[in-house]
Number of protein chains: 2
Amino acid sequence: MSTDAPVGRRERLRAATVDEIKAVALRLLVEEGPEAATLRAIAREMGMTAPGLYRYFPSHEDLHKALVADSYDRLAAVLAAARDGAGQVLATEARMAGKPLVVVQLVCAAKAFRDWAAAHPQEFRLVFGTPVPSVTHNLDDPAHAAGMRFGAVFTEIFVRLWAELPFPVAPEESLPEALASQLRDYRTSLVDLFGEAAGDVPLTAIDVFLRAWVQLYGLVAMDVFNHLHFCLTDAGPFFETSLAALGRDLGIEYVPVH
Amino acid sequence: MSTDAPVGRRERLRAATVDEIKAVALRLLVEEGPEAATLRAIAREMGMTAPGLYRYFPSHEDLHKALVADSYDRLAAVLAAARDGAGQVLATEARMAGKPLVVVQLVCAAKAFRDWAAAHPQEFRLVFGTPVPSVTHNLDDPAHAAGMRFGAVFTEIFVRLWAELPFPVAPEESLPEALASQLRDYRTSLVDLFGEAAGDVPLTAIDVFLRAWVQLYGLVAMDVFNHLHFCLTDAGPFFETSLAALGRDLGIEYVPVH
DNA sequence: TCGCAGGAGTTAACAGTGTTTGCTTACGGC
DNA sequence: GCCGTAAGCAAACACTGTTAACTCCTGCGA
């Protein structure tokens, strides 16, 4: 987002310009479509010329990547806010009475994900659509790091869900070893992020959780990308029944929010 | 694909040129990436110049749409072939003994879908990735019609699955009316395609089936688009456990194929 | 306070894109 | 065999991302 503690006036002005470039680019991308966010259009909007932008971004693609990273971060913030608002929902909505907080948090985050996608389809495409040409998911890519921060919101809730409300799963031995070893590595990275509690989650539970995430992604992506048009005109109610089914897989009872 | 019964020599030559343009464009798109399939590059490859292509396609975007439609049709043909090969699988693979044919057909088709996506990632992007700018899914769009032909392979198997092996579902009344009405319309269109048998499928079963399709799409799309890289390096084994879970939802027992 | 290094921004240009216009050429149907 | 029309081309237009060379200004160090 913004750099930390710019020392001199020069750096401050520079950071402000970087932010303005990204803001204008995002506005063009959202309002006029992805192909409208050309360097010349962005520069024109800012009262300068295209080559000047190269003082701030080494290429158009790098600017694009910065927009992806920022969108990831905004989405992560929205999800975190929804999670943190779950307590309020739990306190005010009558039918929520007695629900475990972590369950309400998961439902709120899932709904916030869909709502964000519906409200910001262009940004959703930007982030979750076809990646740029054969994207080499470099670990030092800022967009990749931002993607991890986004995913952490869901996984953190899930780790807590398992700690508080474990659901019955098959024994780990039932998994093919080729999958088990991958999930073990993934679980190790979760321990680094969320502490020892993550180490207690069985691989089969992670398997179920990943499937839930795939389901959530698939549903929202097909909706935004118009791949559900062949059968549904409004995917909203279908999202409800899908959340309910998803809750059954996770051993929790789904209760509609809002 | 190819026109039906070209009368004169002129039309025959023309159809051959159209096919060559699409073949060259697809080859460039697959081998050099989507942005390499420019009109000039295609024309150069064919020993002609870019404006000449306008005799065959009114715009670059129309050529693109034709490629989408063709890819849909090729995929549909692959799925149909996998379905028709299920009898052979049933006869030769020992552990398949006693399985209902329709179940093997569904599994074969699902696996063929993933295998095709893995073998043709660029074509998968072409068809299932971010659609062209705010795609207006016109009913007269050939790509849309091809998409319906593709979907029909899965839905036909599903209608037959229900007729032969219905699984327990919740009563239709449990669905929110906003969803039920949409599913009713969709079921009516299925009756037009597959006959009266489709009319007997409960709306709740269609709800389950759609969710299965969303799961399948989400899994394959996330794999091709590299959105599973954060947790898996090879999505193959995860696809297996997902197919098993998917089978449970449909009340069938999953048996690995090949 | 002053001088200057270096950052910011410009113009001009290049190679590429999709697309249109006007032209020539060649060939299939009458 | 002629003719009309389809096929294809060269040139041009308005774009795109990107580079090079240049000017100007300004914030910083002495």
Based on what the data block shows, is A:Leu210 in a helix (DSSP H, G or I), within 24 Å of B:Leu216 (Cα to Cα) and of a type in the set (A, V, I, L, M, F, W, C)? yes
Which pairs turn up if I take residues in the range B:41-61 that are assigned by TED's automatic domain parsing to the domain that holds B:Val30 and more than 8 Å from DNA strand C (Cβ to nearest atom) and look for partners that are at pLDDT 95 or above and among the acidic types (Asp, Glu) with beta carbon separation below 7 Å, at least 6 apart in sequence or on another chain? B:Met46/B:Glu20
Considering only the range B:123-133, I want to know if a residue exists there that is within 16 Å of DNA strand C (Cβ to nearest atom), free of Cβ contacts under 8 Å to residues at least 24 places away in the same chain and within 14 Å of chain A (Cβ to nearest Cβ). yes
Looking at B:Glu32 and the list (1) more than 11 Å from DNA strand C (Cβ to nearest atom); (2) within 14 Å of chain A (Cβ to nearest Cβ), which single condition is not satisfied? (1)
Of everything in the range B:207-228, what is hydroxyl-bearing (Ser, Thr, Tyr) and open to solvent by 20 Å² or more (accessible area, probe 1.4 Å)? Give them in sequence order. none
So B:Arg83 ticks every box in (1) within 14 Å of chain A (Cβ to nearest Cβ); (2) away from DNA strand D (no atom under 13 Å from the Cβ) but one. Which box is left unticked? (1)
Select, from A:Thr204, A:Thr241, the only residue that is surrounded by 18 or more Cβ atoms within 10 Å (Cβ to Cβ), polar (S, T, N, Q) and under 26 Å from A:Ala117 (Cα atoms). A:Thr241
Those residues of the range A:30-69 which are within 15 Å of A:Asp141 (Cβ to Cβ), more than 10 Å from DNA strand D (Cβ to nearest atom) and not in a helix (DSSP H, G or I) amount to none
Taking the condition of being more than 20 Å from the chain's Cα centre (by Cα) and more than 7 Å from every other protein chain (Cβ to nearest Cβ), how many residues in the range B:237-247 meet it? 1
One residue is enough: does the range A:229-236 have a residue meeting the conditions touching a residue at least 60 places away in the same chain (Cβ under 8 Å) and either within 11 Å of chain B (Cβ to nearest Cβ) or surrounded by fewer than 19 Cβ atoms within 10 Å (Cβ to Cβ) (or both)? no
For the subset of the range B:197-228 comprising residues that are of a type in the set (Asp, Glu) and closer than 21 Å to B:Phe150 by Cα, which member is nearest to the other protein chains (Cβ to nearest Cβ)? B:Asp207
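The values are calculated or read from the model by the stated rules, or taken from the named source; none is laboratory data. None of these values were measured; they are calculated from a predicted model. Cβ: placed from backbone, ideal geometry, glycine included. Neighbour counts: every protein chain shown. These area figures cover heavy atoms from the full protein model, side chains too; ligands, DNA and RNA do not enter into them. Shrake-Rupley method; radii C 1.70, N 1.55, O 1.52, S 1.80 Å.
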